[in-house]
Amino acid sequence: MALPSTFSAAKFEALFLKSSSSSSSQFPSRALLPTAFLDHNRKTFVRRGVVRCGAQPSDASVGPNNAISLSALELLKTSAADRYTKERSSIVVIGLSVHTAPVEMREKLAIPEAEWPRAIAELCSLNHIEEAAVLSTCNRMEIYVLALSQHRGVKEVMEWMSKTSSVPLSELSQHRFLLYDNDATQHLFEVSAGLDSLVLGEGQILAQVKQVVKVGQGVNGFGRNISGLFKHAITVGKRVRTETNIASGAVSVSSAAVELAFMKLPEASLDNARMLVIGAGKMGKLVIKHLVAKGCKKMVVVNRTEERVAAIREELKDIEIIYKPLSEMLTCAGEADVVFTSTASETPLFLKSNVKDLPPASQDVGGRRFFIDISVPRNVGSCVSDLEHVRVYNVDDLKEVVAANKEDRLRKAMEAQTIIAEESKQFEAWRDSLETVPTIKKLRAYAERIRLAELERCLGKMGDDIPKKTRRAVDDLSRGIVNKLLHGPMQHLRCDGNDSRTLSETLENMHALNRMFNLDTEISVLEQKIRAKVEQNQK
């Protein structure tokens, strides 16, 4: 397959020739690659290893005039690039979470939901990335990709993350975690089940995983493998919550924020403290509900529009909820003892310069105003905590609350791990079965070519005045024969876990058919990947 001239020589070399000078080096084993492990307390740490990237090709490896004209088949014979066809593309997750990185760094990397499609497109334009998804919440920012090459794909994604966030690569590497294939699958399943959350078993993360799928629908790059992974993760999240009741009694980030506020307030002030909630979205609404559960009968809610506040007021009819527009936010803060912030603002709402002039909080709470900020990026600037009469808490400070609620859910988490292990095997079996899809397509195409050739020969011998009914009958006959002959081989190329056939047997059948019919499936997969990159490069 000759590559069109629109496919630049530089990108061609990046895909196929970058490793030629290091082809004698062994690809690093998985044991040496950085791996993240999660203990029962869900604290993630990174074990660092040596990741060796291929050396840059010499200028003499491929000349500028003939680089583009070389066919993929010739390159496969002469370079080390054939590992792209020998090894299946890897699912990789590169991320930072509340367990590995402080909120100061996570907020720099946070990607708003509206920007997810753009991020997917940019990631998939990288040389070694085929598919991508973004999971960005207050507690984590994770990039999931299907990579043609593990270490080169990781290198490209890390550089992209550094470029878009302006965080140096060295700093990112200190806080990131990195997981491949089965480990990446299990991690997302644990995330969806609430096992990796700061608040073990919280339910909001499942809704966020669902949102990834919803936003990804129809987005080029949110492909079969990654979308399949997230859809399966939703199934796992639902099953874990149904079968283990891990969410029963579990606190959410919002409820933990309310709990933290009540822990810090003087006991005598709990009934009289003036509450302000800024933001009436999902998390803000949960804060309001948990304040009501704690006995609060009156609160002020600041939001851009009154519509959402009115809906909450209608739902909680016995509670006095006072709406104020965003323009009155500072005035309302000056009249509150506890301020909860949960907006999607990408810039701080409160800075030291505008908080220092606020009237002091009431003496019932000791004259100190509490800011409980559960937004990422943060709504309250870190400089505000320098003020003597103010106490600022963010999502990283919720660990104090969470520790008191963990013991029972840890027991349920052990039960959940059994479910996750089972579901991980099912997902990997499904993904393994995808390896036979190119062979199935090739075999059908091969049989169809023979059928059409023989049909034309037969009809030619029958003359030009064949009735349409006869022509249709002969065509149906040829199709029927081909379908019946292919039925057996096709059945032996399918392995979905519903029969006794093992994956190894299925793959043996696939390789046997490749040899018998000279289908060259592995090369056709590479061709498809090249064409996809070429088409992407042309846009």
Exercise for the section: Please give the number of the condition LEU387 fails out of (1) modelled with pLDDT of 90 or more; (2) more than 19 Å from ASN272 (Cα to Cα); (3) of a type in the set (A, V, I, L, M, F, W, C); (4) surrounded by 20 or more Cβ atoms within 10 Å (Cβ to Cβ). Expected result: (4)
Practice task
Examine the range 355-373 for a residue that is open to solvent by 20 Å² or more (accessible area, probe 1.4 Å), in a helix (DSSP H, G or I) and polar (S, T, N, Q), and state whether such a residue exists.
Solution key: yes
Exercise for the section: Consider only pairs whose beta carbons are under 8 Å apart and that are at least six residues apart or on different chains; among these, list those whose first residue lies in the range 302-315 and is without any contact (Cβ under 8 Å) to a residue 12 or more places away in the chain and whose second residue is surrounded by 14 or more Cβ atoms within 10 Å (Cβ to Cβ) and outside any helix (DSSP H, G or I). Expected result: ARG313/ILE319; ARG313/ILE321; ARG313/TYR323
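Quick check, is GLU122 open to solvent by 10 Å² or more (accessible area, probe 1.4 Å) and in the same structural domain as VAL209 (by the TED database)?
yes
Residue-wise test of (1) in contact with a Phe, Trp or Tyr (Cβ under 6 Å, 6 or more places away or on another chain); (2) under 16 Å from LYS231 (Cβ atoms); (3) open to solvent by 10 Å² or more (accessible area, probe 1.4 Å); (4) not acidic (Asp, Glu).
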{"position": "VAL167", "(1), (2), (3), (4)": "no, no, no, yes"}
{"position": "ARG176", "(1), (2), (3), (4)": "no, no, yes, yes"}
{"position": "VAL199", "(1), (2), (3), (4)": "no, no, no, yes"}
{"position": "GLN204", "(1), (2), (3), (4)": "no, no, yes, yes"}
{"position": "ALA207", "(1), (2), (3), (4)": "no, yes, yes, yes"}
{"position": "VAL212", "(1), (2), (3), (4)": "yes, yes, no, yes"}
{"position": "VAL215", "(1), (2), (3), (4)": "yes, yes, yes, yes"}
{"position": "ASN220", "(1), (2), (3), (4)": "no, no, yes, yes"}
Handout entry: Selection within the range 392-437 - under 17 Å from GLN186 (Cβ atoms) and modelled with pLDDT under 75
Key = ASP432
Exercise for the section: Among the residues of the range 140-153, write down those that are touching a strand residue (DSSP E or B) at 6+ places or on another chain (Cβ under 6 Å) and either open to solvent by 10 Å² or more (accessible area, probe 1.4 Å) or farther than 18 Å from GLU107 by Cα (or both). Expected result: TYR144, VAL145, LEU146, ALA147, GLN150, GLY153
Practice task
May I ask you to say which residue of PHE222, PHE177 is in contact (Cβ under 8 Å) with a residue 40 or more places away in the chain, among the aromatic types (Phe, Trp, Tyr) and farther than 17 Å from GLU122 by Cβ?
Solution key: PHE177
Problem - Filter result for GLY366 (at pLDDT 90 or above and out of contact with any strand residue (DSSP E or B) (no Cβ under 6 Å at 6 or more places or on another chain)) - result: no
Practice task
Provide a single number: the residues in the range 307-336 that are open to solvent by less than 70 Å² (accessible area, probe 1.4 Å), more than 14 Å from ILE278 (Cβ to Cβ) and either outside the structural domain of CYS296 (by the TED database) or not in a helix (DSSP H, G or I) (or both).
Solution key: 2
Practice task
Select from the range 225-269 the residues that are of a type in the set (S, T, N, Q), without any contact (Cβ under 8 Å) to a residue 60 or more places away in the chain and crowded, with 22+ Cβ neighbours inside 10 Å and list them in ascending order.
Solution key: SER252, SER255
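The values are calculated or read from the model by the stated rules, or taken from the named source; none is laboratory data. Please read all numbers here as calculations on a predicted model, not as lab measurements. Because the Cβ atoms are built from the backbone with ideal geometry, glycine has one as well, and the counts that use them run over all protein chains shown. Protein only, heavy atoms only, side chains kept; ligands, DNA and RNA dropped before computing areas. Shrake-Rupley method; radii C 1.70, N 1.55, O 1.52, S 1.80 Å.
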